[in-house]
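Input: a single structure, listed below in structure tokens.
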Amino acid sequence: MNFLKKILAESGKLFEEGKPLSFAYPLWEATDTILLSTNSQNKSGPHIRDNMDIKRTMFFVVIALIPCYLFGAYNIGYLHSAAMGVPSSILSDFILGMTYVLPILIVTFIAGAICEITFAVIRKHEINEGFLVSCALIPLTMPPDIPLWQLFMGTCFGIIIGKEIFGGVGTNVFNPALTARAFMYFAFPTKISGEKVWAVGPDGYTGATALSIPANPTEYDTATNLFNQVTQFDFSTLNLFWGLIPGSIGETNKLLILLGGLFLIYCGIASWRIMIASVLGLVFTAGLFNLLADYSTNAMLTITPLQHILIGSFLFGTVFMASEPVTSTHTNKGRWIYGFMIGLLTVIIRSVNPAYPEGVMLAILIMNMFAPLIDYYIVKSNINMRLSRNA
Amino acid sequence: MGGFEDYLSIFTKAVFIENIVLAYFLGLCSFLAISKSIDASVGIGMAVVVVLTITAPINWFIYEFLLAKGALVWLNHLPYGLSLSYDFSNTDLSFLKLIVFISVIAAMVQLVEMFMERFSQSLYNSLGIFLPLIAVNCSILGGSLFMVEREYDVTQTIVYGFGSGVGFFLAIVALASVRYRLRYSNIPPRLRGVGMAMLLTGLLSMAFMAFSGIDL
């Protein structure tokens, strides 16, 4: 490593104050800290002093996401071969899927890096690894054939408006990846919602997600019966878990998401309270709607709590987005309320709002908006409690 | 129509689906200015709830019995054999509704202000100039005008006015708490203050799009 150190030290002189390349100092600094370990300490960020510094935190999240990428690529290839009716192997499916996943991944990272570096250079802060996590999350929430220019615009919006204008990592209010996705969802709805985009295949092929089936039934029936009537895909509960179904790239295989979640909880990055609370909220609301289903002709109300957990991106959103340390509530009591409300709003938006079959993204964004309020009142009630105790 | 379900649906619509701030962008001046502090936001939110709940039905009565086309027809049937030698069944004074509604609102705000000065001095001081400015808060005029446009009856109007007020309350308290969390953020200098508040309003209303499209 000595020669690397020497090269970096030599080139570093060019980037010092007053030298011609000084404007690009953050770039040099980022290269230096990625290649070599540093002896500097964190000055800001969402965590206490620990050997889990901000770089390692961010990197562990990216590691937890890698299995989802691999399965997502395989799933695209598998559904494609199934639609064509040709025999295929795991490897060929995987390679075919990679031809869709890799361009999305590359475009997202280029867009994210451009925004992050521009802001770092202009505002003279260090390049934060936070954008790696946002950029790793965005492709996983996309349908496989999203137009790349839309992806580019969405990522720029998410990184700049969702994060950079708040002052970078650790100070943002809304999850940048979800801000990017919401922007694309409302700006280009035809490419990121509906029934045609969630799986790739020959021309005229449609791959509806499990959620859009009870949302637009031809005639009223319970959700389980409607799922069983679908011949194109296997929407049995077991296969919903294994994830060989159409959907966003990263959301389909629930086992890998759960493993990623356990990994994050083990490292102390994500909050288990939020995950459990949101599942509770979802089960409560879905159970309530099941009871009300007899009085309505809305097939969405008949989805059982277990199906609600397994279909769509609920688990993905809960594990990787709702429970992140920055945009969620920062008090333990607040985490229970926050998570519960995410589960509740998810089911409400899914079932009651005909405009959106999936509600996780907007549920998390709404609760991002109310998280500071929940914290404020919990802290205030603690203060009042202690005042009265010590009065 | 009518009945409890109808009122519940009007209320939910006014609070979430057609939130007066985040879906219609009405009442932004006090929304942006007061949201610097959470306690003041709670205060002005309550003031808006009270003023809207009172002014909307008052304006409804004024509109139904004085201003709308044919509203003055009761003048043709005065008791005790009185009669004015003019046919009022076609009189249409609805062109006056803007100015009449505004004066009713201004009078009501004056009352609320006096009430607050008497009973909550600290809140009165923290709201400062913005309390009288509720009089020209377009969310309150908007509430009255929507009530006319949607042809609500009197109970619906009360529910709608209350719901719109609660919607405003929710939005301003949410924005205030978000700004409270941002007080240590390193925001670009030119964006600090109102610029950031405008951007946040946009982001909040994007999140509130979750409810748009719900058909009650």
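The values are calculated or read from the model by the stated rules, or taken from the named source; none is laboratory data. Every value quoted in this text rests on a predicted model; they were computed, and no experiment measured them. Cβ placement follows ideal geometry from the backbone for every residue including glycine, while neighbour counts extend to all protein chains displayed. Note: areas computed on protein heavy atoms with side chains; ligands, DNA, RNA excluded. Shrake-Rupley method; radii C 1.70, N 1.55, O 1.52, S 1.80 Å.
Spatially, the stretch A:91-123 and the stretch B:72-123 are offset by 63 Å when compared through their Cα centroids. In loop segments of the stretch B:133-216 as defined by DSSP, the trypsin sites (Lys or Arg not before Pro) with at most 13 further C-beta atoms inside 10 Å of their C-beta are B:Arg150, B:Arg192.
Each residue of the stretch A:354-362 was assigned a 3J(HN,Hα) from its phi angle through the Karplus curve 6.51 cos²θ - 1.76 cosθ + 1.60 (θ = phi - 60°); the sequence is x, 6, 10, x, 10, x, 5, 4, 6 Hz, with glycine and proline shown as x.
About its Cα centre, the dipole of the stretch A:169-268 is roughly 360 debye, where the only charges are +1 on Lys and Arg Cβ and -1 on Asp and Glu Cβ.
Compactness of chain B was expressed as the Cα radius of gyration divided by 2.2 N^0.38 Å, which yields 1.17. Positive contributions from Lys and Arg (+1) and negative ones from Asp and Glu (-1), summed over other residues with Cβ under 14 Å from the Cβ of A:Ile374, come out at +4.
The 3J(HN,Hα) values that the Karplus relation (6.51, -1.76, 1.60; θ = phi - 60°) gives for the stretch A:293-298 are, in residue order, 4, 5, 8, 9, 10, 8 Hz. Gly and Pro appear as x.
When only Cα pairs under 8 Å and 6 or more residues apart are kept, what is the percent relative contact order across the stretch B:101-143?
54 percent
If only the Cβ of Lys and Arg carry +1 and only the Cβ of Asp and Glu carry -1, the dipole of chain B around its Cα centre is close to 1100 debye.
Return the average number of partner chain Cβ atoms within 10 angstrom of each residue Cβ along peptide A:350-357.
The per-residue average across the peptide is 4.
Averaging the sequence gap over all C-alpha pairs within less than 8 Å and six or more residues apart, then dividing by the number of residues, gives the stretch A:185-298 a relative contact order of 15 percent. Taking chymotrypsin sites (Phe, Trp or Tyr not before Pro) in DSSP loop conformation with at most 16 other Cβ atoms inside 10 Å as exposed sites, chain A has its longest uninterrupted site-free stretch at A:1-204. For peptide A:166-178, the mean count of partner chain Cβ atoms within 10 Å of a residue's Cβ comes to 4. Karplus-derived 3J(HN,Hα) values for the stretch A:133-145, using 6.51 cos²θ - 1.76 cosθ + 1.60 with θ = phi - 60°, are 5, 4, 5, 6, 7, 4, x, 5, 9, 9, x, x, 10 Hz; glycine and proline are entered as x.
Taking the convex hull of the alpha carbon positions in the protein assembly as shown and averaging its projected area over all directions gives 37.2 nm². Charges were assigned to the Cβ only: +1 to each Lys and Arg, -1 to each Asp and Glu. The resulting dipole of the protein assembly as shown about its Cα centre is roughly 2060 debye. Database remark: amide H of A:Leu211 closer than 5 angstrom to the amide H of A:Gly312 (H placed geometrically; neighbours at sequence offset of 5 or more, or on other chains; Pro and chain starts carry no H). Centre-to-centre separation between the Cα atoms of the stretch A:237-273 and those of the stretch B:135-151: 48 Å. Candidate cross-link partners of A:Lys254 among the lysines, defined by an alpha-carbon separation under 25 Å and a same-chain spacing of 8 or more, comprise A:Lys191, A:Lys196. Short-range pairs are left out: with C-alpha atoms under 8 Å and at least six residues apart, the relative contact order of chain B is 41 percent. Note on chain B: dipole from Cβ charges, positive end direction compared against B:Leu8, B:Ser126, B:Leu22; the farthest Cα belongs to B:Ser126. Over the protein assembly as shown, accessible surface divided per residue gives 47 Å², non-protein components excluded, 1.4 Å probe.
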